[in-house]
Amino acid sequence: MELLHEALPLKKKYFTPGVVVLLILAIVGMAFLLARFVFGLGAITNLDNQHPWGIWIGIDVAAGVALAAGGFTTAALGHIMHRDKYETIIRPALLTAMLGYTFVALSVAVDLGRWYSIWHPLIFWNGNSALFEVGICVMTYVTVLYIEFLPIVTKKFIGNVRLKGFLAKLNKPLDSLLRTLDRGLNKTMFVFIIAGVVLSCLHQSSLGTLMVIAGSKMHPLWQTPVLPLLFLLSAISVGFPMVIMESTLASRSFGLKPETEVLSSLGTIVGPLLGIYLAFKIGDMFIRETFYYLTEVTTASVMFSVEIIFGVVLPLRLFLTKSVLKSPQGLFIASLLVIFGVLLNRINNFLVAYNPPYATSSYFPSVGEIAVTVGFICLEILLYRWFVNYFPIVSVPSKPANNVKYSVTGA
């Protein structure tokens, strides 16, 4: 009998040596985070008036938003374009996006001097501010992601509400509520999926607008009027490599067979996307005639060259190679290179290219900044592991019941 794939809780052992290491790093990061809230930004960061943002914005926010793009790219591919064979990767991508954007929002709050005022954009609107648009879009999209995740929750608990004691009286009302919610979501989910894709395109590009506003403070290799478009194209390009990387690591961690056929098919899309991004990037350089900066050996020229060669050109060549597309290891390496390229691009735009006027010293992240960033990444991984163990997210082979194929996106 042909095996189909069904989303089920994995119920694997949670604590492993690797998990313990991640837990320790997360605790260290949270200790520094507590110090930040108690003693202020100046106590644990190297930020000052000339360098108002560091890796908490460059990596945790700008790169974090881009690397969470797998949520809206797979949603567009699977739900809007109706490519059913990609259904098995939609739920894990949704979970990654949900966790990623949650920690992006936390990172913004951590970086604010008055973190308790993060809610102000909801009340005090400024339609002329690019940052206002980013903030509203991100907050709305986080809400949309949690709504998209609700069918997974209802599937888990419908028929399984078993409160004990005096709370047992709530079992039937809660079950009825879950069924009503599930029916409502089935009828309206397409609205949230479309909204999620639109919102993602808006704030992905607007992050580039923030650096356009910086004007002459940015190095000409990165400063361009089409930076919003480049940010959007790079985010779309890295969405599928992130899904490939996550799926490969999850398969290894949980002892599952890698979904090579689906990932290979997904990889065929990455090459053309990278080609489009590279064409706009190189075309913009020739139009603005900024390529002559590459003849100078500077930090900017070296970082730009590394970003383009190892983050775009090399993975582009790999994703256009048939032997790489058929190899799980080849797909994984090529995906890591794309992820590295986009990560380095955001670091370059927000940190390397930015040259504040009257700066008396250069910026380098403190131990506390690095610890908090590493701690957030570790927490995301730990939460991902818990979610896939408890909720039906990862698809595993199963025998079809009554000759009906199970849809992993259904509730």
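Annotations for the structure displayed:
Residue-wise test of (1) surrounded by fewer than 22 Cβ atoms within 10 Å (Cβ to Cβ); (2) among the β-branched types (Val, Ile, Thr); (3) outside the structural domain of MET30 (by TED's automatic domain parsing); (4) modelled with pLDDT under 90.
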site: GLY58; (1), (2), (3), (4): no, no, yes, no
site: ALA66; (1), (2), (3), (4): no, no, yes, no
site: ARG83; (1), (2), (3), (4): yes, no, yes, yes
site: THR102; (1), (2), (3), (4): yes, yes, yes, no
site: ALA109; (1), (2), (3), (4): yes, no, yes, no
site: ARG114; (1), (2), (3), (4): yes, no, yes, yes
site: ASN128; (1), (2), (3), (4): yes, no, yes, yes
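- Taking segment 30-74 as the range and being outside any helix (DSSP H, G or I) and acidic (Asp, Glu) as the test, only ASP48 passes.
- A Cβ distance below 7 Å, combined with a sequence gap of six or more or placement on separate chains, defines the contacts here; from segment 325-345, residues that are of a type in the set (Lys, Arg) reach residues that are buried (at least 18 other Cβ atoms within 10 Å of the Cβ) and in a helix (DSSP H, G or I) in the pairs LYS326/SER264.
- Residue list for segment 1-23, restricted to those being of a type in the set (A, V, I, L, M, F, W, C), loosely packed, with under 11 Cβ neighbours inside 10 Å and at pLDDT 90 or above: PHE15, VAL20
- Residues of segment 276-314 satisfying the condition of being surrounded by fewer than 15 Cβ atoms within 10 Å (Cβ to Cβ) and of a type in the set (S, T, N, Q): THR295, THR298, THR299, SER305
- Of note, LEU77 satisfies the criterion of being assigned to a helix (DSSP H, G or I), under 26 Å from VAL388 (Cβ atoms) and either free of Cβ contacts under 8 Å to residues at least 12 places away in the same chain or not hydroxyl-bearing (Ser, Thr, Tyr) (or both).
- Verdict on MET189 being in a helix (DSSP H, G or I), in contact with a strand residue (DSSP E or B) (Cβ under 7 Å, 6 or more places away or on another chain) and in the same structural domain as ILE80 (by TED's automatic domain parsing): no
- If you go through segment 355-411 and keep only what is at pLDDT below 75 and over 25 Å from HIS82 (Cβ atoms), you end up with ALA359, LYS399.
- Qualifying residue in segment 82-89 (condition: of a type in the set (S, T, N, Q), more than 28 Å from ARG385 (Cα to Cα) and within 25 Å of the chain's Cα centre (by Cα)): no
- Condition check for PHE304: at negative phi, assigned by TED's automatic domain parsing to the domain that holds SER234 and touching a Ser or Thr at 6+ places or on another chain (Cβ under 8 Å): no
The values are calculated or read from the model by the stated rules, or taken from the named source; none is laboratory data. All of these numbers come straight from a predicted model, not from anything done at the bench. Every residue, glycine among them, receives a Cβ derived from its backbone with ideal geometry; neighbour counts consider all protein chains shown.
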